[in-house]
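Remarks on the structure that follows.
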Amino acid sequence: WVTEMHVDGFRFDLAATLARELHEVDRLSAFFDLIQQDPIVSQVKLVAEPWDVGEGGYQVGNFPPLWSEWNGKFRDTVRDYWLQQHIPALRDFGYRFTGSSDLYEASSRRPSASVNFVTAHDGFTIADLVAYDHKHNEANLEDSRDGTDDNRSWNHGVEGPTDDPEVLDLRRRQRRNFLATLLLSQGVPMVLHGDELGRSQGGNNNVYCQDNETSWVDWDLDEHEHALLGFTSALAAFRTAHPVFRRRRFFQGKPVRRADELRDIAWFTPAGKEMTDENWDDDFGRAIAVFLNGRAIDERDERGERVVDDSFLLAFNAHHEDITFTVPDGEYASTWALVVDTATGSVHEPGDELVAGGATLDVTARSLVVLQRVES
């Protein structure tokens, strides 16, 4: 596959099974030794679905170097943050957004070890994640016993299709929240096919046996599906243009050079104050802002030149009401420009929507915004 067909990597289904020796999952098993020692396979991309259905099979974060993993903790934490079915600690959200260093740094892996996803071929699509409280698998003829019950979803007041404009507007905003969080997080983003179009499976979260309209992609897009596709495409281009969103190394929370005044990352409460230990454990846990320093990436490009980028401030509001954020003062930027807003579905270059350092910014309920530092 590698030498003749030029396949550049493999994803291993239920990969924890491959590491079982005498029943237990062993990250030092013979299988991993064989992969590590193979002169061909060890050089390609190795991606694990790091769990199986057996006892002790959930092994997210426990695969050895060379391996990337489907990060199921990213999926659960991001779903919980925006849909609030299980209230995650802000600390968990911070780890997932920044590449999950708590899972991968100790084994000398980098952010690319984290394959971030909100949805996959197993489970709900993003459209169904925000439209159904429960799976609807009757068509599979297994009395709905199949498919997971741990969906961490929310129908926003109506189960399934609706004509209610407020419910539809909120569902569309939540789709954009998930896609924006996924594409702006450190690590490797994985977008389920059709999520960029708002594809629905009618609440079926296990469509392996459905070769019909339930599982097919309908390319006859309506106005809202076109808009979501444009939003997702613009976000992907935005990520590509700015290396601060796809760093090769984890953030350190400190300046990367003596000459730098600002740390590579800083977290803020909505009041514009830097997060304390108490804030990270706050029971409210609905709103937070983060500063990403594009001048402190600490990497070099293929020509050996230091990588630098613009700096950004992201404000997350998962609360059911608008929240007024205080933008960090002039130490971080004298002026910021709005470049992404999931409430309106806009992604654009810095324009006339400016916010002064130390000023306030109203962030719509259940939305996120991205501000770009305007260089003076």
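The values are calculated or read from the model by the stated rules, or taken from the named source; none is laboratory data. Model, not experiment: these values are computed from the prediction. Please note: Cβ atoms are built from the backbone with ideal geometry, for glycine as well, and neighbour counts cover all protein chains shown. For the accessible areas, the whole protein counts, side chains as well, though only heavy atoms, and no ligand, DNA or RNA atoms are used. Shrake-Rupley method; radii C 1.70, N 1.55, O 1.52, S 1.80 Å.
Size of the chain along its principal axes in angstrom, Cα-based, largest extent first?
For the chain, the Cα extents along the three principal axes come out at 58, 55, 42 Å.
Checking the cross-link filter: which lysines have an alpha carbon closer than 25 Å to that of LYS135, excluding same-chain neighbours under 8 positions apart?
List returned: LYS73.
What does the accessible area per residue of region 22-172 come to in Å², with a 1.4 Å probe and no ligands, DNA or RNA counted?
46 Å²
Assigning unit charges at the beta carbon (Lys, Arg +1; Asp, Glu -1) and nothing else, what dipole magnitude in debye, to the nearest 20, does region 198-239 show about its Cα centre?
My answer is approximately 340 debye.
With a ≥ b ≥ c taken as the square roots of the eigenvalues of the C-alpha gyration tensor of region 198-260, please select rounded if a/c is under 1.5 and otherwise prolate if a/b is larger than b/c or oblate if it is not?
Prolate, because a/c is 1.5 or more and a/b exceeds b/c.
Return the ratio Rg/(2.2 N^0.38 Å) for region 108-150, where Rg is computed over Cα atoms only.
1.58
Apply the a/c threshold of 1.5 to the C-alpha gyration tensor of region 319-365 and tell me whether it is rounded, prolate or oblate.
Oblate, since a/c reaches 1.5 and b/c is not below a/b.
Compute, for ARG246, the solvent-accessible surface of its heavy atoms (probe 1.4 Å) with the complete set of protein chains present, and express it in square angstrom to the nearest 10.
ARG246 exposes around 100 Å² with every protein chain in place.
Could you report region 250-376's accessible area per residue, 1.4 Å probe, as an integer in Å²?
Per-residue accessible area for region 250-376 comes out at 49 Å².
Have a look at the DSSP beta bridges in the chain and tell me what percent are antiparallel, nearest 5.
75 percent
Within straight cross-link reach of LYS254, meaning Cα distance under 12 Å, which aspartates and glutamates are found once same-chain residues fewer than 8 apart are removed?
LYS254 reaches ASP264, ASP298.
Roughly what % of Cα-Cα distances in region 113-181 sit above 21 Å, to the whole percent?
When all Cα pairs of region 113-181 are counted, 30 percent exceed 21 Å.
Using a 1.4 Å probe on the protein chains only, how many percent of the accessible area of region 1-158 belongs to carbon and sulfur?
Within region 1-158, the accessible surface is 53 percent carbon and sulfur.
Given a 1.4 Å probe and the protein chains all in place, what does the accessible area of GLU138 round to, in Å² to the nearest 10?
Accessible area of GLU138: about 110 Å².
Quick one: among ASP341, ASP38, ASP329, which has the greatest mean-square fluctuation in a GNM of the chain with alpha-carbon springs under 10 angstrom?
Maximum fluctuation in the GNM of the chain, among the listed residues, is at ASP38.
Can you tell me the dipole magnitude for region 126-263 around its Cα centre, using point charges on the Cβ only (Lys, Arg +1; Asp, Glu -1), in Debye to the nearest 20?
So the magnitude is around 1840 debye.
Taking the DSSP beta bridges in region 1-120 as the whole, what percent of them are antiparallel, to the nearest 5?
Percentage antiparallel, nearest 5: 20.
Check each of the trypsin sites (Lys or Arg not before Pro) in region 278-364 and keep only those in coil by DSSP with at most 12 other C-beta atoms within 10 angstrom; list them in order.
Listed in order of number, the matching sites are ARG303.
Restrict the search to region 275-376; then list the chymotrypsin sites (Phe, Trp or Tyr not before Pro) that DSSP places in a loop and that have at most 13 other Cβ atoms within 10 Å of their Cβ.
For chymotrypsin sites (Phe, Trp or Tyr not before Pro) across region 275-376 that sit outside H, G, I, E and B with at most 13 neighbouring Cβ atoms in 10 Å, the list reads PHE284.
Using a simple charge model, +1 on the beta-carbon of Lys and Arg, -1 on the beta-carbon of Asp and Glu, nothing else, what dipole does the chain show about its Cα centre, in debye to the nearest 20?
Charge dipole, the chain, about its Cα centre: 1460 debye, nearest 20.
Whole-Hz Karplus ³J(HN,Hα) for region 337-349, in order, using 6.51 cos²θ - 1.76 cosθ + 1.60 and θ = phi - 60°, x for Gly and Pro?
In residue order, the calculated couplings are 10, 6, 10, 9, 8, 6, 5, 9, x, 9, 9, 7, 6 Hz.
Restricted to Cα positions, what overall size does region 1-74 have along the principal axes? Three whole-Å values, descending.
38, 28, 18
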